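Let me begin by presenting the structure, written as structure tokens, before commenting on it.
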């Protein structure tokens, strides 16, 4: 599926979403638990299972202000309609290094799209902790929103570095949210692309343990 076709998934909202290309950089502490201000990302486990490579993590909002995780990605069904997939994550292969992410990805300067791909968001109240998992097919496959035609793969035994990135927005006054439902009736909310990209904060783990290829 071409990047142009995939990026047109925001049906009925394309005219509402602005554009921008500046995002806050990730904070990397070299640990499995990282924090920026009052938000903490903690990777609980990295396991090889029958489903694939499974990353289980928590995001803890330790502050007094609510936030929104940019963590609910979509996948294409048999008819081409898009539905929420709670286990989906972006995978970027950089040689033998792998970056797994759930965040708002900027549109590359050289790419033209009908509408940006925007993850649905999850509200996290002050002092609340949410648990999530990402399930990745093995061998790992390169999958980014504006590079859907890539066939690049990487066997698990060839991975030399693995990291997780998670994007979030603080619940600031004037935030624009658009409500919709996927074909299965699951409700979701989307932020406006341009404003969200400028406001996005990113947590990045340090290098994570890589399970042995035969581990289950």
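Per-structure values
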read-out	value
So residue 18, is it at pLDDT 80 or above, assigned to a loop (DSSP other than H, G, I, E, B) and more than 17 Å from the chain's Cα centre (by Cα)	no
Which numbered condition residue 163 misses (of (1) crowded, with 17+ Cβ neighbours inside 10 Å; (2) assigned to a loop (DSSP other than H, G, I, E, B))	(2)
Of all residues in the range 85-120 being touching a residue at least 12 places away in the same chain (Cβ under 8 Å) and farther than 29 Å from residue 206 by Cβ, the one that is nearest to the chain's Cα centre (by Cα)	116
Strands (runs of 3 or more DSSP E) fully within the range 172-216 counting 1 or more residues that are over 16 Å from residue 73 (Cβ atoms) and either touching a strand residue (DSSP E or B) at 6+ places or on another chain (Cβ under 8 Å) or touching a residue at least 12 places away in the same chain (Cβ under 8 Å) (or both)	177-181, 201-204
Matching residues, the range 121-130, being more than 27 Å from residue 193 (Cβ to Cβ) and either part of a strand (DSSP E or B) or under 16 Å from the mean Cα position of the chain (by Cα) (or both)	129
Qualifying positions in the range 144-157 - surrounded by 14 or more Cβ atoms within 10 Å (Cβ to Cβ), touching a residue at least 60 places away in the same chain (Cβ under 8 Å) and either in a loop (DSSP other than H, G, I, E, B) or out of contact with any strand residue (DSSP E or B) (no Cβ under 6 Å at 6 or more places or on another chain) (or both)	145, 146, 147, 148, 156
Selection count where residues are modelled with pLDDT under 95 and assigned to a loop (DSSP other than H, G, I, E, B), scope the range 57-91	10
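The values are calculated or read from the model by the stated rules, or taken from the named source; none is laboratory data. Quantities reported herein were computed from a predicted structural model and do not represent experimental measurements. Cβ sites come from the backbone with ideal geometry, for glycine too, and all protein chains shown count toward neighbours.
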